[in-house]
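Contents: one structure, followed by commentary.
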Amino acid sequence: MSVAKKKAFWIIGGVVAILVVLVALRVWSNIRNGRKHEQVDNLTVSMGQAKVQPMPLTLTAVGQVISEHAVQIRPQVSGMLKQVYFTEGQSVEAGQKLFLIDPAPFQAALASAKAAWENAKANADRLEPLAKQDFATPQEYENARATADQAEAAYQQAQINLSYTDIRAPNAGRTGSLSVKSGNIVAPTDALPLVAVNQMQPIQVQFQLAQQFLPQVRDYDAKHNLKVSVTHEDGSGHLDDGKLVFIDNAVNTVTGTVMFKAALPNKQEQLWPGQYVGVTLQLALEQNAVVVPQSAVLTGQQGNYVYVVTDGVAQPQNVKVDRQIGDLAVISTGLKGNEKIVTEVPRTLRPGLHVTPAPASSDNKPEIGVPGEPQS
């Protein structure tokens, strides 16, 4: 074979090889694009149904825990603090002994006042018959009687002062920190109280609501006791349940809000005075609310919407969310209930795409339940 023929052979072979590679690449590209197109057109998604079920009608706010009965214990007489009968932070009962101010000076004052009263009374009693027989003037008798009355008042005051040395808890609650230790002199003019006692059971939570809700709250409150649930400030962790007990008699002109108070048993003492908490005021139970998981609700230029699946095709449906309770959204318009919806929307979902339910979605999936209520 000549050199020219060999050269032509290699050129033709190279061209054929290049054409084969190009054809193979084109085929692979078509296969890959076909797979992508197939994946986009047939998405596997989590599905569920919009439910019609009872849901509470609620208002939420941030509240602050307050003690229904908070007392600052102050001495009523001056003297040396002889004894402290509790430890800081201890729970105490009403009437429990807390402090003892040295009673010795007051006992001595009481004995002296008693003697003075008895002497003055005896003198007045002695002059009474003498005045009747004109052996003593009426003025002498009146002066003696007045002296006896003053001595009696001084004796009673001495009794009261002595009783002030025994300081007892006026209410049940939890004690705070001590401002003074035993051995120190205390007086009614001291800047700080000896200790503060805060009632813990029951306890109250005060919160504010916008004034536009006042007529609605008053209307429902007139029909039945309104339930109040309390959580941590961020909405997590149920702490206690109670009832609404107070509606303020005026609107705050600065904030445009009304103050409310709820009473809670606080048996586990999870609520602490000064603590900020999340408050949910339940006005009523809406019997036929349309409910979907909050994860199914998306936000677009036209507002909120969900993907409704009809004959395997997902289409967006505009909805209006009335309120959110836990991980559920209550829909006021846009759904009637029982529609099949996409509960977890992937980024690749577009209107008009065919979808199939994920394996986790089945007819045996638990139904949406009312928060805080047992399943029926």
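What follows is calculated from the coordinates using simple rules that are stated; it is not laboratory data. Keep in mind the model is a prediction, meaning the values are calculated, not measured. Note that each Cβ is placed from the backbone with ideal geometry, even for glycine, and that neighbours are counted across all protein chains shown.
Relative contact order for the range 103-164 using alpha-carbon pairs under 8 Å, separation at least 6, rounded to a whole percent? Intermediate results must be reported in sequence, preceding the final value.
Numbers: 51 pairs, mean separation 31.6, N = 62.
Relative contact order of the range 103-164: 51 percent.
Among I160, A210, T137, whose Cα projects farthest towards the positive end of the dipole of the range 135-256, with charges put on the beta-carbon of Lys, Arg (+1) and Asp, Glu (-1)?
Of the options given, the answer is A210.
Once the Cα atoms of the range 103-164 are picked out, what are the Rg and Dmax in Å?
14.1, 46
So, counting K/R as plus one and D/E as minus one, what does the shell of residues with Cβ under 12 Å around D241 add up to?
+2
What residues qualify as long-range amide H neighbours of I331, i.e. H under 5 Å apart, gap of 5 or more or another chain, H built at 1.01 Å from N?
The list, which skips near neighbours in sequence, is V290, V291, V292, D322.
Please turn the phi angles of the range 207-213 into ³J(HN,Hα) values with the Karplus equation 6.51 cos²θ - 1.76 cosθ + 1.60 (θ = phi - 60°), one per residue in order, whole Hz, x for glycine and proline.
8, 10, 10, 4, 4, 5, 8
Whose amide H sits under 5 Å from the amide H of L194, counting only residues 5 or more places off or on another chain, with H placed in the peptide plane?
The list, which skips near neighbours in sequence, is I73, R74.
Ranked highest first by the average count of other Cβ atoms within 10 Å around their residues, in what order do 92-103, 334-345 fall?
334-345, 92-103
Work out from phi, with θ = phi - 60° and the Karplus expression 6.51 cos²θ - 1.76 cosθ + 1.60, the ³J(HN,Hα) of each residue of the range 161-176, listed in order in whole Hz, and give x for Gly and Pro.
Once rounded to whole Hz, the list reads 4, 5, 5, 5, 6, 9, 9, 10, 6, x, 8, 6, x, 10, 7, x.
Can you give me the long-range amide H partners of H69? Hydrogens built in the peptide plane at 1.01 Å from N, cutoff under 5 Å, separation of 5 or more residues or another chain.
Sorted by chain and number, the residues that satisfy this are Q199.
May I ask for the net charge around P265, where only other residues with Cβ less than 12 Å from the Cβ of P265 are counted and Lys, Arg are +1 while Asp, Glu are -1?
-2
Using the Karplus equation 6.51 cos²θ - 1.76 cosθ + 1.60 (θ = phi - 60°), what ³J(HN,Hα) coupling, rounded to whole Hz, does each residue of the range 272-282 give in order, writing x for Gly and Pro?
With coefficients 6.51, -1.76 and 1.60, one gets 10, x, x, 6, 8, 9, x, 10, 10, 9, 8 Hz.
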